[in-house]
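*Asks:* Once you've had a glance at the structure underneath, I'll fire off some questions.
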Amino acid sequence: MDVSIGETIRTLRTARGLSLAELADDLASPDLLDEIESGRALAPYPLLIRVADRLGEPIDRLLADVDPHALLQAAIRVAQYDVAAGHPHRARDILTHLPEASFHTRSLSEYRLTLARALRGLGEEEEAVALLVPLAEAAQSADDARLAFYALRELGFAECDRGNVPGAVRLWKDALARVDAIAATHAIPSHELHALALELYLHLDDLDPHAEGFDVPWRRTSFDPQPRLRAEFAPADAAAPVSKPPSAPADRPYLAAAERMAASAPALFVVAEELIADALRHLAVDPAQAKALAEQASTLLFVGRLAEVEASLHVRLLGAAPGATRLSTRLERAYLMTAVSPGRDLAAFADEIARQLDDGEIDRAATLLESAQAIAAELPDLEDLTARRARLKLTLLDMEAAYAKRPRERASLRKRLIAYEQSFPEWGEAALHRRACQLLIRWLAEARDFENALRYVQKLDALSREPRPPVPFVF
């Protein structure tokens, strides 16, 4: 670590009469902070942001010797990875905590685009669209196919989130019309362009499968939710989780050793996360190195993402072919090793489990739920909205399955569900909130607690009323 940054932190800390433990508090261990001040350790950029805030100083004070333009370029690259990997909160923090001098440059279009993508990932659609619309207009005026592709793609997602499906379809078609020009100039790396474009084609297949278009404006109501963007690569139909192949026979020691070695092998997403963690440690002291590390991480991420979307395409093609068999175990295993969109995987499991429970397939739902919980336990606490909603849904489905399978626990499950409903977050899906209320009505009625059941009937009625239609961002 550049000693000057550590010395600055120590000077500011001692001037305020703070001990190492007082400054570290919930930010880091006192030992780590001591190593940072002594120049023996690299501080991740998010930690520097929090330290500067705790000291009451702008980040500029800690980064006086860093090239602000190089820092801006590296920060954008790191944030681009974070957006793609499901860390929009960290991406926004980095982009909004840069030295003032970093913005003294002729063009900030890449910065605004990346910040808009982070805001959309956080569900702050209006702020994102306010940045994206002028970017899309400027890109089309300047015939900048790359910038137009990204801006139109993000605007399409924002429109779809608001229920303006015709607007989303039109924007995505406009984005895809620029793919050939981008490929010819290599403005976007081939693996990234292929992954992003294939994802859009599959989303269009969800929303307008026969390319028939929309003759009348699509109208969203609480009873007619917008066509859901299917989570890619939904769980296979196998009874056992595909992530647990048979164990090696006892008389095959080398095969058993290979199995143990494979079990400890890092997945692609883990390797990419390790690279970006190193980039965050170098961002404040060696922006060029941080940018190079972030580019390596992004390459791995989009190679994995391309594998995901190609597996999704394969599954759809199999589903469209009469008599076709499902994806081979080899391809399933390869997918699991290269998966880089765990939030969407959890959403896929949750959607499938809900369908199985609705159809009365309790054992099948319980098997899938076990697989989903095993995956969720191995994943970081993801910040993206899709992952949070998937975890919230899995929590409800776990109670629903347990209620069907374990009658003796029903009293405690009713209490858990009441607490779940009372603390339901604003960012949760309205359909999931209604499902929780419907379960409470049934469970409380079964327990002959008709007074509380009626209360949830009234609440369900309020949740099911026609909402005011959202105004599309794009007409």
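The values are calculated or read from the model by the stated rules, or taken from the named source; none is laboratory data. All values reported here derive from a predicted model rather than from experimental measurement. Ideal geometry is used to build each Cβ from the backbone, glycine not excepted, and the neighbour counts take in all protein chains shown.
*Asks:* Given (1) surrounded by 23 or more Cβ atoms within 10 Å (Cβ to Cβ); (2) modelled with pLDDT under 95; (3) within 28 Å of VAL285 (Cβ to Cβ); (4) of a type outside the set (Phe, Trp, Tyr), identify the lone condition not met by PRO99.
*Replies:* (1)
*Asks:* Mind checking which residues of the stretch 141-166 are in contact (Cβ under 8 Å) with a residue 24 or more places away in the chain, surrounded by fewer than 24 Cβ atoms within 10 Å (Cβ to Cβ) and among the hydrophobic types (A, V, I, L, M, F, W, C)?
*Replies:* Result: ALA145, LEU147, PHE157, CYS160, VAL165.
*Asks:* Filtering the stretch 340-394 down to residues that are of a type in the set (Val, Ile, Thr) and within 12 Å of the chain's Cα centre (by Cα), which residue is modelled with the highest pLDDT?
*Replies:* Once the filter is applied, the top-ranked residue is THR386.
*Asks:* Now for a different question. Grab the helices (runs of 4 or more DSSP H) fully contained in the stretch 349-455, keeping just those with 2 or more residues being in contact (Cβ under 8 Å) with a residue 40 or more places away in the chain and surrounded by 19 or more Cβ atoms within 10 Å (Cβ to Cβ).
*Replies:* 362-378, 385-405, 430-446
*Asks:* Just checking, does the stretch 252-274 include any residue being closer than 30 Å to GLU35 by Cα, modelled with pLDDT of 55 or more and in contact with a Gly (Cβ under 9 Å, 6 or more places away or on another chain)?
*Replies:* Looking for residues that are closer than 30 Å to GLU35 by Cα, modelled with pLDDT of 55 or more and in contact with a Gly (Cβ under 9 Å, 6 or more places away or on another chain), one finds at least one in the stretch 252-274, hence yes.
*Asks:* Looking only at the stretch 147-166, decide whether some residue is β-branched (Val, Ile, Thr), at pLDDT below 90 and either in contact with a strand residue (DSSP E or B) (Cβ under 8 Å, 6 or more places away or on another chain) or in a helix (DSSP H, G or I) (or both).
*Replies:* yes
*Asks:* Okay, next question. Taking the options ILE76, ILE94, ILE59, ILE49, name whichever one is of a type in the set (A, V, I, L, M), touching a residue at least 40 places away in the same chain (Cβ under 8 Å) and within 23 Å of LEU147 (Cα to Cα).
*Replies:* Going through ILE76, ILE94, ILE59, ILE49 in turn, the sole match is ILE94.
*Asks:* Which of the residues spanning the stretch 267-297 are touching a residue at least 40 places away in the same chain (Cβ under 8 Å) and in a loop (DSSP other than H, G, I, E, B)?
*Replies:* Matches in the stretch 267-297: ALA267, LEU283, ALA284, VAL285.
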